[in-house]
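Trainee: The structure is given below, and queries will be raised subsequently.
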Amino acid sequence: MHELAITESIVAAVREKLGDAPVRRVCVEVGALSGVVPDALLFSFEVATEGTSLAGAELDIVRQSGRARCRDCGARFDTDDLLALCACGSADVEVLGGRELRIREVEVV
Amino acid sequence: MCATCGCSDDPVGGVRVIDPSAPPEHDHPHPHEHPHDHEHPHDHEHEPASDRGHTVALEQRVLARNDERAARNRRWLAERGVLAVNLMSSPGAGKTTLLERTLVDLAGERGVSVLEGDQETLLDADRITATGCRVVQINTGSGCHLDADMVHRGLRALDPPDGSLVFVENVGNLVCPALFDLGEAAKVVIASVTEGADKPAKYPHMFAAADLILLNKIDLLPYLRFDEAYWLATVRRVNPGATVLRVSATGDDGLADWYGWLRTVGGRSAPAQQGAAR
């Protein structure tokens, strides 16, 4: 359940930037290949924010799909699987993106 | 949390860094009072949604703080010429057994010490101590992985000699440790034939993060139905660049290759930059 550690990192990063200003919403970008489960993030966000300036804030998760390129036919495609298969049948696939785990913006009261 | 011994009453964290060679009673008085009298009465009115507050762009990686601390660990290790290797696997894959064997076989070759990560107990630290090797135990409490800050504290307690090798045995877990850069020079994933050949497919993040993947317990292959060709093909799909070695920590198979790999990594002038692209 590393999502709890992830949300604790979000709380720490927001407080470092904004001090104790009450926060209404945090927007986080989560790639499909980041290894982080959005539902678990939502669950642990409530726990991690309790008693902080982020208590009661909304966690807005923007999903980014994974992006890959086939080394055999050169096709580029979206995938949510680290073990992606190209439509041409090749398994020789390079992951180009989808590991994002970023805090985009924070809305303060 | 107490920065010296890591003792904590924090119900979520509760990380403890324990030096088994230090006197057992830590009788410092714990005077940290922090009375938690912040009142914040929660009387914010919840204005209509149209009355939005202002938005601040952060554009910051969530794990930036961990990665900064990992970079600090990497610098600290480099200044001392210490090579740190992060060992990760599921519980029971044979991390500690391989470590015991390695410590005995490499004794006298290069100074070696160990940071042991487990949720609870000093059991692994005791096993390492029995080999004559210096060890510091990190108990993560409810935590499911080591992070860069725990390793920072562990390294300070361990105080490895210049030019030595430090094995960091992560918490047994094929999921979470993959995400956290510790400042190590290399990540080693230990898989075992008793776990089944489908693990690289089921836990691809861990196998994708590895520099070296050891397939352990290969002496048991005659007694198991383990499709090694499928296992290797899946490993190659998630991580085409990793070195893969077959070993048996209780026999002799492949151990010379493992030690050869350690010497090669130790001889590299600049440690690999883990996590920089994340």
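The values are calculated or read from the model by the stated rules, or taken from the named source; none is laboratory data. Keep in mind it's a predicted model, so treat the numbers as computed, not measured. Cβ placement follows ideal geometry from the backbone for every residue including glycine, while neighbour counts extend to all protein chains displayed. We work out accessible area using only protein heavy atoms, side chains counted, and drop any ligands, DNA or RNA first. Shrake-Rupley method; radii C 1.70, N 1.55, O 1.52, S 1.80 Å.
Trainee: Please list A:Asp81, B:Asp147 in order of solvent-accessible area, largest first, computed with a 1.4 Å probe with all protein chains present.
Mentor: Per-residue accessible area, sorted high to low, gives A:Asp81, B:Asp147.
Trainee: Over its Cα atoms, what ratio of radius of gyration to 2.2 N^0.38 Å does the range A:9-71 give?
Mentor: 1.31
Trainee: Okay, moving on. So which residues of the range B:203-242 lose at least 50 Å² of accessible area, probe 1.4 Å, when you go from the chain by itself to every protein chain present?
Mentor: Those are B:His205, B:Arg237, which lose 50 Å² or more relative to the chain on its own.
Trainee: Would you work out which of B:Gln60, A:Ile61, A:Val14 lies farthest towards the positive end of the dipole of the protein assembly as shown, given +1 charges on the beta-carbon of Lys and Arg and -1 on that of Asp and Glu, about the Cα centre?
Mentor: The residue sitting most towards the positive pole is B:Gln60.
Trainee: Quick one: dipole size for the range B:48-201, taken about the Cα centre, charges +1 on Lys/Arg Cβ and -1 on Asp/Glu Cβ, in debye to the nearest 20.
Mentor: Using only the charged Cβ atoms, the result is roughly 320 debye.
Trainee: Give the relative contact order (percent, whole number) for the range B:82-146; include only Cα pairs under 8 Å separated by 6+ residues.
Mentor: Values: 61 pairs, mean separation 19.3, N = 65.
30 percent.
Trainee: For the range B:135-278, what is the relative contact order in percent, using Cα pairs closer than 8 Å and at least 6 residues apart in sequence?
Mentor: So the answer I get is 21 percent.
Trainee: Let me ask something additional. What number, in percent, do you get for the relative contact order of chain A if the mean sequence gap of Cα pairs under 8 Å and at least 6 apart is divided by its residue count?
Mentor: Taking the mean separation of contacting Cα pairs over the length of chain A, I get 37 percent.
Trainee: Let me ask something else about it. How large is the dipole of the range B:144-278 about the Cα centre if only Lys and Arg carry +1 and Asp and Glu carry -1, each at its Cβ, rounded to the nearest 20 debye?
Mentor: With Lys and Arg at +1 and Asp and Glu at -1, about 340 debye.
Trainee: Tell me the total accessible area that B and A bury against each other, 1.4 angstrom probe, in square angstrom rounded to 100.
Mentor: Counting both chains, the buried surface is close to 3100 Å².
Trainee: Any idea what the dipole of the protein assembly as shown comes to, in debye rounded to 20, about its Cα centre with Lys/Arg Cβ at +1 and Asp/Glu Cβ at -1?
Mentor: So the dipole magnitude of the protein assembly as shown works out to roughly 1720 debye.
Trainee: While we're here: Quick one: ranking B:Tyr230, B:Tyr203, B:Tyr223, B:Tyr259 by accessible area, 1.4 Å probe, largest first, what do you get?
Mentor: Ranked from most to least accessible, the order is B:Tyr223, B:Tyr230, B:Tyr203, B:Tyr259.
Trainee: Below 24 Å Cα-Cα, how many Lys pairs turn up in the protein assembly as shown? Only count pairs eight or more apart in sequence, or on different chains, if you could.
Mentor: 9
Trainee: Of A:Ala68, A:Ala21, A:Ala48, which has the largest mean-square fluctuation in a 10 Å C-alpha GNM of chain A?
Mentor: Taking springs between Cα atoms under 10 Å, the residue moving most is A:Ala21.
Trainee: Using a simple spin-label model with points 7 Å from Cα along the Cα→Cβ vector, what separation in nm is obtained for B:Leu123 and A:Ala40?
Mentor: Inter-label distance under the simple model: 2.3 nm.
Trainee: Right, another one. Enumerate the calculated ³J(HN,Hα) couplings along the range A:13-23 in order (Karplus 6.51 cos²θ - 1.76 cosθ + 1.60, θ = phi - 60°), each rounded to whole Hz, writing x wherever the residue is Gly or Pro.
Mentor: So the J values, rounded to whole Hz, are 5, 5, 5, 5, 7, 10, x, 9, 4, x, 9.
Trainee: Hey, can you list the residues from the range B:57-90 whose accessible area shrinks by 20 Å² or more with all protein chains present, relative to the chain by itself (probe 1.4 Å, no ligands or nucleic acids)?
Mentor: By number: B:Leu58, B:Glu59, B:Gln60, B:Arg61, B:Val62, B:Leu63, B:Arg65.
Trainee: Okay, next question. Which percent of the accessible heavy-atom area of the range B:118-240 goes to carbon and sulfur, probe 1.4 angstrom?
Mentor: 53
Trainee: Volume per residue, Å³, of the convex hull around the alpha-carbon atoms of the protein assembly as shown? Don't skip to the answer; put the middle values down first.
Mentor: On the way: hull volume 59.9 nm³, N = 387.
Expressed per residue, the convex hull around the Cα atoms of the protein assembly as shown is 155 Å³.
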